[in-house]
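Participant: Pasting a structure here, questions to come.
The values are calculated or read from the model by the stated rules, or taken from the named source; none is laboratory data. All figures in this text were calculated on a predicted structure; none of them were measured in a lab. Virtual Cβ from ideal backbone geometry, glycine too; neighbours counted across all protein chains shown. Side chains are part of the model used for accessible areas, which takes the heavy atoms of the whole protein and leaves out ligands, DNA and RNA. Shrake-Rupley method; radii C 1.70, N 1.55, O 1.52, S 1.80 Å.
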Amino acid sequence: MGSQKPIIVVTRKLLSATETQMKRHFDTRFNVDDTPMSESDILNLTKDADVIVPTVTDRINAQLIRRLSESVKLIANFGVGVNHINLEKAADRKIVVTNTPGVLTDDTADMTVCLLLAAPRRLTEGERLIRSGEWSGWTPTSMIGHRFTGKKLGIIGMGRIGQAVARRVQSFGIEVHYHNRNQVNSTIESKLKAKYWGDLNEMLSRMDYVSVNCPYTPETHHLLDEARLRSMQPHAFLINTARGEIVDEKILAKLITKGVIAGAGLDVYEYEPSVENKLLKLENVVLAPHLGSATFEGRLAMGEKVIENIKSFFNGKDPPDMVVKVDPKY
Ligand code: DGY
């Protein structure tokens, strides 16, 4: 490549401040009208490119990676979750993969708390009532919800985001419980006053609120299946700001409809952007359109991370956020 700038293909429109910064450092191909790119769009645009910058809305699957031009050496994901990229195939093709951890932790944890409050307090249902013009005023018995303060919250996935949720809910007097692949170290556990459950089912059956904050991997596909969802208490709410595929969405809708679970607060869906039709009709489900990292501050910081990862890679250094590392000797 010599002194030429790396050619980067960015699959979705980014904030203009990020695109301006990218133009300074790279030879850029942007998605001007933000139409999601098909596999052939990506393949055509990357024919002589060095880097793809995809997002969660792309499917960088085995077939696409197999057909990618030899020139592509780096997939610099704009986002922390990399479940839409076939990492094994990327490693096979000696393509480095990076992501953007850390900078969206607080925003995603904030959104989790928004849903933890909004669902049991019927916030969006109340808003719909006002907008419908049907609200007839305060009464002692109308729009009664459930208290959040002082309850038991079970966090599935005690990584960065799970821990940030645990810190936030301390001020609500919440009892924090968690399930994770591994128990976190005792210093963190005691700071968060968090109780570990090795057995997810055991935890689910005792919680008032359950929050999904783990990554989506083949092992967590439908981690919350019918049996696990049924083990939750009838007054319990499920919150998901991680990935839709971790919960069996159809079953969730069925169980809420039947009153097996009290309700849900969802920011992510199994087949985004489509949402299970039954969920759309349920008043006791708060639905957000994948807003976890959607703040100016967060998105700018994600862009900076992407730029840093690409710059480091082409300066011959290890990018700071490597998910797939490739030995340069091979
Ligand atoms: C993330 O970064 O994983 C967000 O969900 C957007 O992709």
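Participant: Please list, ordered by residue number, the helices (runs of 4 or more DSSP H) wholly in region 1-93 having 2 or more residues that are under 22 Å from Met302 (Cβ atoms) and among the β-branched types (Val, Ile, Thr).
Facilitator: Once the helices (runs of 4 or more DSSP H) in region 1-93 are filtered for at least 2 residues that are under 22 Å from Met302 (Cβ atoms) and among the β-branched types (Val, Ile, Thr), what remains is 16-25.
Participant: Would a scan of region 47-58 turn up a residue that is open to solvent by 60 Å² or more (accessible area, probe 1.4 Å), away from the ligand (no atom under 16 Å from the Cβ) and within 24 Å of the chain's Cα centre (by Cα)?
Facilitator: Within region 47-58, none of the residues are open to solvent by 60 Å² or more (accessible area, probe 1.4 Å), away from the ligand (no atom under 16 Å from the Cβ) and within 24 Å of the chain's Cα centre (by Cα).
Participant: Checking the structure you have, find out if any residue of region 166-184 is touching a residue at least 60 places away in the same chain (Cβ under 8 Å), under 30 Å from Glu297 (Cβ atoms) and part of a helix (DSSP H, G or I).
Facilitator: No, region 166-184 contains no residue that is touching a residue at least 60 places away in the same chain (Cβ under 8 Å), under 30 Å from Glu297 (Cβ atoms) and part of a helix (DSSP H, G or I).
Participant: Are any residues in region 28-54 touching a Pro at 6+ places or on another chain (Cβ under 9 Å) and either within 16 Å of Leu87 (Cβ to Cβ) or not hydrophobic (A, V, I, L, M, F, W, C) (or both), and if so, which ones?
Facilitator: Asp50
Participant: I need the full set of residues from region 198-215 which are buried (at least 20 other Cβ atoms within 10 Å of the Cβ) and either outside any strand (DSSP E or B) or of a type in the set (Val, Ile, Thr) (or both), in order please.
Facilitator: Met203, Leu204, Met207, Asp208, Val210, Val212, Asn213, Cys214
Participant: From the list Gly259, Gly292, Gly265, exactly one residue is in contact (Cβ under 8 Å) with a residue 12 or more places away in the chain, more than 14 Å from the ligand (Cβ to nearest atom) and part of a loop (DSSP other than H, G, I, E, B). Which is it?
Facilitator: Just one listed residue meets the conditions, Gly259.
Participant: Among the candidates Leu153, Leu116, Leu104, which residue alone is closer than 30 Å to Lys317 by Cβ and under 22 Å from the mean Cα position of the chain (by Cα)?
Facilitator: Leu104
Participant: Please determine, by comparing only the residues of region 41-74 that are among the β-branched types (Val, Ile, Thr) and free of Cβ contacts under 8 Å to residues at least 40 places away in the same chain, which one is farthest from Ile161 (Cα to Cα).
Facilitator: Thr46
Participant: Within region 227-239, is there a residue that is under 18 Å from Ala109 (Cβ atoms), away from the ligand (no atom under 14 Å from the Cβ), of a type in the set (Gly, Ala, Ser) and not in a helix (DSSP H, G or I)?
Facilitator: No, region 227-239 has no match at all.
Participant: Give the residue that is nearest to Ile60 (Cα to Cα), with candidates limited to residues of region 88-104 that are more than 14 Å from the ligand (Cβ to nearest atom) and touching a strand residue (DSSP E or B) at 6+ places or on another chain (Cβ under 8 Å).
Facilitator: Top of the filtered list is Ala90.
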